[in-house]
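What follows is calculated from the coordinates using simple rules that are stated; it is not laboratory data. This one's a predicted model, so the numbers in the text were calculated from it and none came from an experiment. FYI the Cβ positions are ideal-geometry reconstructions off the backbone, even for glycines, and counts take in every protein chain you see.
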Amino acid sequence: MADSPSIGIEKQSVGWAIALSVILILAGLLAIVVPLAAGIGVAIVIAWLLVLGGVAHLAIGWHIRSSGGLLWQVLLGLLYLGLAVYILVWPVAGLASLTFLLACYLYLKGILVLILAFRIRHIGGAGWLFFDGVIALVLGSMIGLSWPSSSEWAIGTLIGISMIFAGFSRLPMAIAARKLVAKSA
């Protein structure tokens, strides 16, 4: 008996899900091996997103010009575009700036999560918040105290680790789905 069209689509989808998982793992490993290139790539993507945001603010400003919001939208749009140009023209400096912001974010997040964990320490599972806060403080301190040299590895390595975890977390689900599709065929 031939596979129904939906079974064929399901098999193809599961195949793509497995391929995506493997590609994420390999891309994550590559980002860890060449973290500076991965970091610059992330900075460039962020710069283009800022260009998109800047254009959107300028367009919104034009459309609401009669309601008095033109000046603020234009200023925001120019700020976005200025940051985008800075990162695109000087991607390594842009990466250093993003790395510094990441260190600040992690450090402040760690402090706030520790405060929250302390406040709800009587609730089950609050220990995980303490753990999260400590890890954020350690990462923020590692990146911040070695900045600007941490710009060479921090963002690329963290993106690489994230991609590896994404790939490994999706792979078992895709394999399980393949087994289900094979059973239903």
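Worth pointing out:
- Candidate cross-link partners of Lys11 among the lysines, defined by an alpha-carbon separation under 18 Å and a same-chain spacing of 8 or more, comprise Lys179, Lys183.
- Looking at segment 40-134, the trypsin sites (Lys or Arg not before Pro) that sit in a DSSP loop and have at most 12 other Cβ atoms within 10 Å of their own Cβ are Arg121.
- Choice from Ile120, Ile161, Ile32 showing the highest fluctuation, given a GNM over the chain with Cα pairs closer than 10 Å: Ile120
- The relative contact order of the chain, computed from alpha carbon pairs under 8 Å that lie at least 6 residues apart in sequence, is 39 percent.
- Calculated Cα Rg over 2.2 N^0.38 Å (choose from [x] 1.02; [y] 1.06; [z] 1.40), label: [z]
- Basic side chains Lys and Arg get +1 at the Cβ, acidic Asp and Glu get -1 at the Cβ, and with that the dipole of the chain about its Cα centre reaches some 400 debye.
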